[in-house]
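I have placed the structure first, in the form of structure tokens, so that the comments after it can refer back to it.
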Amino acid sequence: MPRPGGRRRRRSTAPAALRPLPVPDGTRYCAAVVGHVPGADGRSPLLGHGCSEDSRSDALARAEGTRRNSDLRRPAERWLLLEEYQDVDFGGGVIYSFYGDAGGCDATGYHLVNYFEVALSVSSMKGYNNCNTVTLTSPLEKVETIGLPAGYLGPDFNDAVRELQVFHS
């Protein structure tokens with residue numbers, strides 16, 4: 001299906017576990033469910049993702065449904081970890097909500113990866129369920145650790161958050 005401007009979306013050839021999270025065009029709420037135990041690449045495994053124009057709960061339900069017949073727990077056992085906002089001071093709406101499969105944050109936390117369009121749009125974020133600190137990595141490989149909530153990510157990370165390690169400190 002052509003995208004606005006006549007461009008077609010390319011399919012990634014990377015294995016599903018390594019692909020960044022997709023953001024379908026025209027969608028307001030997106031959610032991802034990640035595992036706590038990191039994979040061989042050091043990232044929390046993506047257990048499911050989904051988007052909805054209706055609500056965050058519908059986006060989570062869609063994320064839960066992306067891996068049918070798997071070992072996913074009931075949605076009630078998911079823990080909200082982090083919400084990324086489009087604008088500074090938590091404005092512009094939530095771009096992505098990340099949920100963990102093994103409770104809130106501990107000292108290890110969860111290693112999250114943003115889809116490219118999200119990485120270039122995040123300007124503030126809030127942590128939940130003991131997630132009070134985040135280490136940010138920019139597309140240019142700059143790294144910084146900041147406290148949550150963060151109404152502004154600083155000049156190196158505003159609209160430039162490729163990866164995040166969210167944890168409790």
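The values are calculated or read from the model by the stated rules, or taken from the named source; none is laboratory data. Remember, it's a predicted structure, so these values are computed and weren't measured experimentally. Neighbour counts are summed over all protein chains in view; Cβ atoms, including those assigned to glycine, are modelled from backbone coordinates with ideal geometry. The area values use the complete protein model at the heavy-atom level, side chains included, leaving out ligands, DNA and RNA. Shrake-Rupley method; radii C 1.70, N 1.55, O 1.52, S 1.80 Å.
Can you find a residue in the stretch 134-150 that is touching a residue at least 60 places away in the same chain (Cβ under 8 Å) and touching a Ser or Thr at 6+ places or on another chain (Cβ under 9 Å)?
yes
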Flag if residue 44 is at pLDDT below 95, part of a helix (DSSP H, G or I) and either surrounded by 19 or more Cβ atoms within 10 Å (Cβ to Cβ) or of a type in the set (S, T, N, Q) (or both):
no
Some residue of the stretch 103-126 being touching a Leu at 6+ places or on another chain (Cβ under 8 Å), open to solvent by 50 Å² or more (accessible area, probe 1.4 Å) and on the phi < 0 side of the Ramachandran plot:
yes
For residue 117, all conditions in the list (1) modelled with pLDDT of 95 or more; (2) outside any loop (DSSP other than H, G, I, E, B) hold save one; what is the number of the exception?
(1)
Members of the stretch 144-169 found to be closer than 19 Å to residue 42 by Cα and part of a strand (DSSP E or B), listed by number
144, 145, 163, 164, 165, 166, 167
